[in-house]
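The values are calculated or read from the model by the stated rules, or taken from the named source; none is laboratory data. Here the structure is a predicted model, which is why all the values come from computation and not from measurement. Cβ atoms come from the backbone with ideal geometry, glycine included; neighbour counts cover every protein chain shown. Accessible surface is based on the protein model in full, side chains and every heavy atom, while ligands, DNA and RNA are left aside. Shrake-Rupley method; radii C 1.70, N 1.55, O 1.52, S 1.80 Å.
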Amino acid sequence: MTVRIVTLLDVARAAGVSRSTASDALQGSGRVAEATRARVRATADALGYRPNSAARRLRRASTGAIGLHLPRTASRLDYYMNLAFGAVARAQDDGFDMVLLGRSAAAHGPLASRVDGLLLIDPDTADDAVPDMLGAGVPVVTGERYPGPSPAPSGAVVCDNAASLTALLDHLAERGARRPALLAPSGESTWAQALRDAADAWGREHRTRVAVRAVPFAATPNEAADAVRDLLGAAPDVDAVVCGPDGAAPGVLHAAAALGRTPAKDLLVASCVDGTATRTSNPPITAVDLRPAEYGRACAELLCDILADRTPPDTVRPHDWVLHPRASTQPAR
């Protein structure tokens, strides 16, 4: 039995509009009243309409793909994997495939011939691929601002990382910490710089110095443990440690235990990035949930909106975070 494919004309007739109006309503383009747009979309859903992505790409002479560039260490971190999944899902909503781009992407021919737009996540001035991508001649959306001098991106989705660290330090102070420390990620990304600046600003406001130890951007638990051993050896009065890199905070717990310190009792432990490692540690670790899947969706949505002329270039959208207090900073009563 042959299943008849629902066409755009079927949707238009059922919704009582012209074919061009139905097309504009489904693509989010044109001057279509919101009530009409909603009716057309509801009709399309009810009929099981699926747009012909290949035909749409031919009409607009596009590649039908979006490029995604992540930091070099991304494959080791849950945060970036969840972000990528969110970006892929949102791009597919607009009929785009997602292409993961490595550092040598520009060496394989003009990017503009392979992708319609680019997502650059946590771009770092030390990544020599970023300037070429920003100058590739296609719309570019960055996840966090690019601190370098290259051409400005077409848009950005930003998280207030200074505010999230400030909230963590305030939480630790409320739990009795008087001498906090930060394992700060190295590198020149906006995120890394925001954490270092926020620690300095918080210390000046509270008239105390936040001890800062640099660790790799994608530090492992063992690297975090080594840094904590050095930190507590040099400053035994430190009573709280905030770990910047994703997935490294369990190493802080292990180092503390080896030094005879008890998490949540005489050493509070928190993380700037939530994930499986912080949620499943013993004790579970207080952390900032950056909502990576939603962040990836937000970045892809902004790029899709720019490509479809639904949003003007130079748009900057905020992304919210959530603080999850857990047992690592809450002494047992």
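How much FRET efficiency would the formula 1/(1 + (r/R0)^6) give for A89 and R178, where r is the Cβ-Cβ distance and R0 is 51 Å, rounded to 0.05?
Using R0 = 51 Å, I get an efficiency of 0.70.
Working from label points 7 Å from Cα in the Cα-to-Cβ sense, the S186 to T208 distance is 2.9 nm. Once backbone amide H atoms are built at 1.01 Å from N, L68 has V99, L100, L101, L119 as its partners under 5 Å, excluding neighbours fewer than 5 places away on the same chain.
Under a 5 Å amide H cut-off, with hydrogens placed 1.01 Å from N, V140 pairs with L118, S154, G155 among residues at least 5 apart or on other chains. Local charge for V11 was computed over the other residues whose Cβ lies under 10 Å away, with Lys and Arg +1 and Asp and Glu -1, and equals +1.
Accessible area per residue was computed with a 1.4 Å probe on protein heavy atoms; D320 scores about 110 Å².
Packing-based ranking of 305-318, 164-177 yields 164-177, 305-318, ordered from highest to lowest mean Cβ neighbour count within 10 Å.
Assign one of three labels to segment 188-296, namely rounded, prolate or oblate, based on the Cα gyration tensor with a ≥ b ≥ c the square roots of its eigenvalues; rounded applies when a/c is under 1.5, prolate when it is not and a/b is larger than b/c, and oblate otherwise.
Oblate shape, in that a/c is at least 1.5 and b/c is the bigger or equal ratio.
Which parts of segment 281-297 would a label at L323 reach, counting a residue when its backbone N lies under 15 Å from a point 7 Å out along Cα-to-Cβ? In segment 281-297, the label zone of L323 (backbone N under 15 Å from the point 7 Å along Cα→Cβ) covers 286-290.
Highest-first packing order for the peptide set 231-242, 133-144 is 133-144, 231-242, based on the mean count of other beta carbon atoms within 10 Å. Compared with the rule-of-thumb size 2.2 N^0.38 Å for a compact globular protein, the chain has a Cα radius of gyration ratio of 1.18.
With r defined as the distance between the Cβ atoms of A46 and R114 and R0 fixed at 45 Å, what FRET efficiency is calculated, to the nearest 0.05? Can you show the working numbers first?
Numbers: r = 36 Å, r/R0 = 0.81.
Efficiency computed from Cβ-Cβ geometry: 0.80.
If you take the beta carbon distance between T125 and S62 as r and set R0 to 30 Å, what does 1/(1 + (r/R0)^6) give as a FRET efficiency, to the nearest 0.05? So, using R0 = 30 Å, E works out to roughly 0.45. Just how far, in whole angstrom, is segment 284-333 from segment 155-191 if you go by their alpha carbon centroids? Cα centres, segment 155-191 to segment 284-333: 15 Å.
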